[in-house]
Amino acid sequence: MILTGNEIRSALDRGEIIISPFRSDWINPNSYNYSLDGAILQMHDNLESYDLIYLQPSGFTLRPRTLYLACTAEIIGSRRYITTLLGRSSLGRLGLFLNVTADLGHVGCESQWTLELTVVQPLRVYPGMRIGQVAFWEQLGRAMPYGGRYHGDVGPRPNKDRTLAAASHLRTVNS
Amino acid sequence: MILSGIAIAEAVRSGEIVIEPFSESQLGPNSYDFRLGDRCIIYQNHELDSHTQNPTADIAVGCDGLVVKPDRLYLFNTLEMMGSTKFVPIIRGRSSTGR
């Protein structure tokens with residue numbers, strides 16, 4: 001069962017959902033809008049090293065055929081409800097694809113959620129813009145504890161399955 | 001909780017779900033197959049901006065179809081009018097076209 005916007009609000013008040021910072025005008029009928037944080041990883045073709053890009057208020061143009069790892073500006077999570085990270089229709093219509101294959105968040109994970117961004121055509125994005133929406137679901141059955149692999153993440157996090165780039169591979173780029 | 005195809009058909013009959021036109025042959029075990037409309041728009045500019053209006057152009061889609069190319073975004077409508085005041089819809093692709 002998916003939560004209504006009213007129930008999301010009530011769960012926040014009960015402490016069963018965390019959204020920080022929270023704005024009441026970003027609640028939707030069945031979701032909450034989240035915004036784009038100001039730091040993005042532009043992954044290199046080897047998917048191991050990347051450029052760290054700090055978005056300026058004038059924006060940054062995402063390019064096709066490139067994977068970007070961004071993150072929500074908000075810390076989002078719940079110990080009771082399951083989160084799904086969804087895009088927004090208005091940006092999907094501009095060819096922005098967000099967390100296409102892995103939109104399921106685990107119960108108990110509270111973090112700045114990493115966003116896997118790709119675009120069909122070049123698209124200029126801006127820090128703090130509403131970039132997606134998160135929905136919350138009631139689970140059926142006894143809850144399993146979350147393993148915590150990505151719990152507490154701050155900033156965009158690359159894949160943790162293998163050794164990632166040495167610091168020498170990381171380049172900082174201002175957009 | 002997700003509806004079964006039978007429950008979708010019942011909700012269409014009771015008016016809690018609108019699918020127009022509706023055909024029982026398009027029901028799946030937990031979904032309804034929607035069809036591609038015949039209107040398509042593309043963006044006039046290659047580079048898009050999320051903070052401005054991006055001008056679009058209509059493309060005619062004939063009976064012989066339209067070849068969609070990589071690196072370009074196409075916006076279509078569903079042939080059906082769909083919605084519900086009670087249930088939350090999720091729009092999904094089909095595995096056969098995903099392949």
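The values are calculated or read from the model by the stated rules, or taken from the named source; none is laboratory data. Note that this is a predicted model, so its numbers are computed, not measured. All Cβ positions, even for glycine, are placed from backbone atoms using ideal geometry, and neighbour counts span all protein chains on display.
Among the residues of the stretch A:64-80, what is the count of those that are within 16 Å of A:Ser20 (Cα to Cα) and outside any strand (DSSP E or B)?
Here the count works out to 1.
Answer with yes or no whether A:Gly87 is of a type outside the set (Val, Ile, Thr), in contact with a Gly (Cβ under 9 Å, 6 or more places away or on another chain) and over 22 Å from A:Ala135 (Cβ atoms).
Against the criterion (of a type outside the set (Val, Ile, Thr), in contact with a Gly (Cβ under 9 Å, 6 or more places away or on another chain) and over 22 Å from A:Ala135 (Cβ atoms)), A:Gly87 does not qualify.
Being over 13 Å from the mean Cα position of the chain (by Cα), part of a loop (DSSP other than H, G, I, E, B) and at the interface with chain B (Cβ under 10 Å from one of its Cβ atoms) is true for just one of A:Leu94, A:Leu47. Which residue is that?
It is A:Leu94.
Please count how many residues of the stretch A:97-123 are of a type in the set (Asp, Glu) and either buried (at least 21 other Cβ atoms within 10 Å of the Cβ) or away from every other protein chain (no Cβ under 14 Å) (or both).
Total satisfying the criteria: 2.
As an exercise: evaluate A:Arg80 against (1) crowded, with 16+ Cβ neighbours inside 10 Å; (2) in contact (Cβ under 8 Å) with a residue 60 or more places away in the chain; (3) over 15 Å from A:Ile40 (Cα atoms); (4) more than 12 Å from chain B (Cβ to nearest Cβ) and give the number of the one condition it does not meet.
(1)
Here are some conditions: (1) over 21 Å from A:Leu104 (Cα atoms); (2) part of a loop (DSSP other than H, G, I, E, B). A:Asn30 meets all but one. Which one does it not meet?
That leaves (1) as the condition not met.
Exactly one of these conditions fails for A:Asn30: (1) closer than 25 Å to B:Pro70 by Cβ; (2) at pLDDT 95 or above. Give me its number.
Tallying (1) closer than 25 Å to B:Pro70 by Cβ; (2) at pLDDT 95 or above, A:Asn30 fails exactly one: (1).
Consider A:Thr72 against the criteria (1) within 12 Å of chain B (Cβ to nearest Cβ); (2) among the polar types (S, T, N, Q); (3) under 17 Å from the mean Cα position of the chain (by Cα); (4) under 21 Å from B:Asp49 (Cα atoms): it satisfies all of them except one. Which criterion is unmet?
(1)
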